[in-house]
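To start, the structure under review is shown below, and the notes come after it.
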Amino acid sequence: MEYKEPKRTFEDSGFVDPAESYYVQFENIVNTKNQNMKTMVDKSRYFSIFAPRQSGKTTFFKAFSRDLEKDPKYIFILLSFENFSKLSEQKFYKSIEKELYPQLIQRLRVIKCPQLNSVADYFKTHELSDSDSFITMLRELNIIIKFKKIVIFIDEFDGIPKQEIETFLPTLRKLYQEYKDRKDKALYSVGLVGIRNVTKLSVGGVSPFNIADHLELPVFTLKNIRDLYGQYTQETNQSFTEEAVQKVFEQTGGQPWLVNRLGNLTINIKPRTIDPITLDDVDKAVNILLEETNDHFTNLLQKLNIYKNTFYNIAQSDVKNDPDDDEQSWLRQYGLIKKYDGKAVVANEIYKKRFYTAKNLRIHIKESQKPKPLIFLCHAKEDIEHVKKIYEKLEKAGFNPWMDEIDILPGQNWDHEIQKAINITDFALIFLSKLSVEKRGYVNKEIKWAIDRQAEKLEGDIFLIPVQLEKCDLPHALEKYQAVDLDGFEGFERIISTIKYQFKKTLNAHYEDNIKSQIVNVSLSIPDLKKKIFISYYHEDQQWLDKFLNYLSPLEYEGIEYLDIEIQNSIADSQIFVCFISNNYLGAKFVKKELPEILNKNKEEILIMPILVAKCAWKVVAWLKKPQLFPIDSIPLVKKNEEEQEEILIDIVNEIGGVTIHSSEVIADKNQ
């Protein structure tokens, strides 16, 4: 037995043509009444179809249309709303017209419809511009064409312009209700693809499409994968071992694109031979795939980043599956997560390995590491149950409350721990009731400690906040502080907004003393970017950054993400380091002490491009002696006219363009 050249391929780039690519049909696609899609169409149902992107849905719909159109009465139209989200009403319906009219004419031509010319003439005079023209068109076709069943499937339905949900869906519902009891239906059946469940869409709090049913396209089963790979074996005599097939199923979870991609990768590992594809070959293919840049991963990562924290929580801990949770529904819609044993889990091991990595977790980790304000809760014992509820609400709001009954450990010194907590806390909430105001003793001691801390603060800073649990007088020592009535208008919300305001103010003041801490936010991680640019500048030099980015725009960078931590790692991940040199920049603590060491560690991997924007003693700075300084004549940009500045910045961008292959991710190190 010898190797034979394959006649078909594993399709991993688009629509699967069974004549050109290996193909298996989905099984058990039924609704809650155990009706398959053909039965639903025959019964003139309007329904939604859940199918993640690149899950084989287009291939499935093409095959379904071929089967459906064996009956000449059926006219199957497949539309797609992908990239429609920003269209105006007129352009939206014009785009529908461009897709719908040619398909319908072609189908009428195939079935040799006697009314073909009449329909073509009607289309020449009837343009789609709004929902009224759309419904008029279908009604008119219903009069012109006899004995027909128009079926429309709309893929990527979530791409519909938001403003059109309020008109398009009610239009479909209106058609359904209008022709429900008639045999000659203007629109026989509708399938909306790309949303979890169309019945949950609401307009003004009411579902405009509650006549819809729902079904889901499944992933490949183990048998499907075995059959798919078996087709390749029949053509070439090169087999996949059972262990290899099972490994593919375990790693992909049956995701069709991943199954086909691994099929291609494994046969390239052992090309043109009858030696079987083994478990080791699949492991090698998985490793190649995880390092690969492709549209599949890029598109998914863009979707994942919208609800990245929810994805990372699901990846690292037990999270209950919640069909009504918007963030879970979004991730499930794009096939990133699935329901398993009552829990929400990552859809497959490859997605988990690819997206749940140290690099991509950087955002998630930094979010969890952001400083939380420590809040001391001072109260009388009689008010403990009420204050415990406030403690829980503050925790849910993302704060770090401190309460003696909860946070002092057995055996710790009560006085010492309370005073230590007051000394390190960011805020002190003094809870007051009629009982606590009348009470002498420990509460008054805590209040005195809190007042002493307030005296250490700058004038205008908020530290001590009296909180009235009920209507009561303030102690004399607290009369000069504005109190919050917890039962009053937005009492708790006022506490939250006050803490957020002051804490942000405190952090900003801290950042002014420490230039490194001025680095805020994080960057998006997009795997298909071949190069990253790290930009460093002093905040007063913002104008130069704005000009530079204007000329950098042809490289299609993905946006500026300000950083506050992980600076060293961000520079290490970059291939180009751009900095705007001025006296303030060179005098910054971060630039003098930490930046040279970071750049030295990465000197072999990073291109340093310093841009002199203002006069300064840059020649005495050691790390600026080797890189090419811009402008080349060493005259600061501020001393040049606007045309000269423009030419220099364009030259710099051109040089970057010679380094960058596709687009650049811009990470700004905002030194203030």
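List of remarks:
- Count Lys and Arg as plus one, Asp and Glu as minus one, and take only other residues whose Cβ is under 15 Å from that of GLU417; the net charge is then -3.
- Sequence-distant residues sharing a close amide H with GLY191 (under 5 Å, placed H): PHE47, ILE152, PHE153, ILE154
- DSSP assigns beta bridges within the chain; of those with both partners inside it, close to 10 percent run antiparallel.
- Only helices enter this figure: runs of n ≥ 4 DSSP H residues, each worth -39500 (n - 2.57), summed and divided by the residues of the chain, yield -13500 deg cm²/dmol at 222 nm to the nearest 500.
- Charge dipole of the chain about the Cα centre (unit charges at C-beta), most positive-ward option of PHE84, ALA450, PHE503: PHE84
- Label-to-label distance for THR136 and GLN177 is 2.2 nm, based on points extended 7 Å past Cα in the beta-carbon direction.
- J(HN,Hα) series, the range 225-239, from Karplus relation 6.51 cos²θ - 1.76 cosθ + 1.60, nearest Hz, glycine and proline x: 5, 4, 5, 4, 5, x, 5, 5, 4, 4, 7, 10, 6, 9, 9
- Considering only alpha-carbon pairs that sit under 8 angstrom and 6 or more positions apart, the relative contact order computed for the range 10-77 is 27 percent.
- Taking amide H as placed 1.01 Å from N in the peptide plane, the amide H of TRP402 sits under 5 Å from that of ILE375, PHE376, LEU377, each at least 5 places away or on another chain.
- Counted charge near SER131, where neighbours are those whose Cβ lies closer than 11 Å (Asp, Glu -1; Lys, Arg +1): -4
- Cα gyration tensor category, rounded, prolate or oblate, for the range 374-497 with a/c compared to 1.5: rounded
- Theoretical gain in end-to-end length, ASN400 to VAL621 [0.36 nm per residue, Cα-Cα removed]: 75.2 nm
- Local net charge near ASP17, Cβ-Cβ under 14 Å (Lys/Arg +1, Asp/Glu -1): +1
- 16 Å Cα-Cα reach of LYS174 towards aspartates and glutamates, excluding residues that sit fewer than 8 places from it in its own chain: ASP130, ASP132, GLU140, GLU164, GLU166, ASP184
- Cβ-based charge dipole, the chain, positive-most Cα from THR233, PRO6, VAL41: VAL41
- Principal-axis tilt of helix 162-179 within the chain, Cα atoms, nearest 10 degrees: 40 degrees
- Whole-Hz ³J(HN,Hα) from phi, Karplus 6.51 cos²θ - 1.76 cosθ + 1.60, for the range 275-288, glycine and proline x: 4, x, 6, 10, 4, 4, 5, 5, 4, 5, 5, 4, 4, 5
- 5 angstrom amide H check on SER80, placed H, neighbours 5+ away: ASP155
- Protection proxy ranking of 11-22, 418-429, 618-629 - average other beta-carbon atoms within 10 Å, highest first: 418-429, 11-22, 618-629
- For the chain, the residue among PRO114, GLN468, SER570 whose Cα projects farthest onto the positive side of the dipole built from Cβ charges is PRO114.
- Pairs from the table (LYS504/LYS547; LYS98/LYS146; LYS38/LYS343; LYS38/LYS94; LYS223/LYS247; LYS320/LYS352) lying more than 20 angstrom apart at Cα are LYS504/LYS547; LYS98/LYS146; LYS38/LYS343; LYS38/LYS94.
- Taken as Cα centroids, the range 220-264 and the range 108-178 sit 41 Å apart, rounded to the nearest whole angstrom.
- Listed values (1) 35, 31, 27; (2) 55, 40, 18; (3) 55, 38, 29, entry calculated as semi-axes √(5λ) of the Cα gyration tensor in Å: (3)
- Whole-Å distance, taken between Cα centres, linking the range 453-468 and the range 278-314: 50 Å
- Using a cutoff of 8 angstrom between alpha carbon atoms and counting only pairs six or more residues apart, the relative contact order for the chain works out to 10 percent.
- Cα-based shape type of the range 37-216, given that a ≥ b ≥ c are square roots of the gyration tensor eigenvalues and the cut on a/c is 1.5: rounded
- Spin-label model, CYS472/GLU127: points 7 Å from Cα along the beta carbon direction are separated by 7.3 nm.
- Helix 57-68 and the longest principal axis of the C-alpha atoms of the chain enclose an angle of approximately 30°.
- For the chain, the dipole from Cβ point charges (+1 on Lys and Arg, -1 on Asp and Glu) about the Cα centre works out to 1520 debye, to the nearest 20.
- The stretch between GLU216 and PHE147 holds 21.8 nm of extra length on full extension. This uses 0.36 nm per residue minus the Cα-Cα distance.
Rule-based calculations on the coordinates, nothing more; no lab input. These numbers were taken from a predicted model, which means no experiment stands behind them. Don't worry about glycine lacking a Cβ; one is built from the backbone with ideal geometry, like all the others, and counts go over all protein chains shown.
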